[in-house]
Amino acid sequence: MNKIKIGKAIFVSGCNNYFFNPEFDIINKDMYTDRISEFKDYCDDVICFYSKDDPYITLDALKSFADKVNAKHIVYKNAGHFNEKAGFKTFTDILKYI
């Protein structure tokens with residue numbers, strides 16, 4: 001992990017887990033770190049957007065990630081994985097937090 005201090009980080013459906021699903025894990029393996037709890041030392045303002053009905057990441061994994069990075073939780077009820085399949089061609093709500 002780089003030790004560069006940043007002002008703000010925003011995650012959408014952020015996680016740091018292996019799901020033992022070859023399709024997901026091959027994409028996510030390079031982003032996994034066993035030092036995620038250190039993230040809060042390098043960023044003062046962290047926001048995590050996630051949905052209660054994400055079809056790919058469990059709600060527990062989404063909440064756990066947000067807690068580990070000391071984030072403000074922004075929770076949606078029916079946003080899926082915030083992709084086009086869930087009806088998200090644009091995500092203008094995020095602009096309020098930039």
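Tabulated data for the structure shown
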item	result
Karplus (6.51, -1.76, 1.60) ³J(HN,Hα), θ = phi - 60°, over the range 23-33, in Hz, Gly and Pro reported as x	5, 7, 5, 5, 6, 8, 4, 6, 9, 6, 9
Segment THR90-ILE26, length gained on full extension (0.36 nm per residue, minus Cα span)	20.4 nm
Spin-label pair ASP53/TYR97, simplified geometry with 7 Å Cα→Cβ offset, distance in nm	2.0
Gaussian network model of the chain, Cα within-10 Å springs - most flexible of ASN83, ASN17, ASN70	ASN83
Cα pair distances in the chain, grouped into 10 Å bins until the bin that holds the longest one, percent each	15, 46, 34, 5
Footprinting exposure proxy for SER64, SER13 (fewest neighbouring C-beta atoms within 10 Å first)	SER64, SER13
Test item: Cα-centred dipole of the chain, Lys/Arg +1 and Asp/Glu -1 on Cβ, debye	300
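Taken together, the values in this text are just the output of simple stated rules run on the coordinates, not laboratory data. All values reported here derive from a predicted model rather than from experimental measurement. Every residue, glycine as well, gets a Cβ built from its backbone with ideal geometry; the counts of neighbours run over all protein chains shown.
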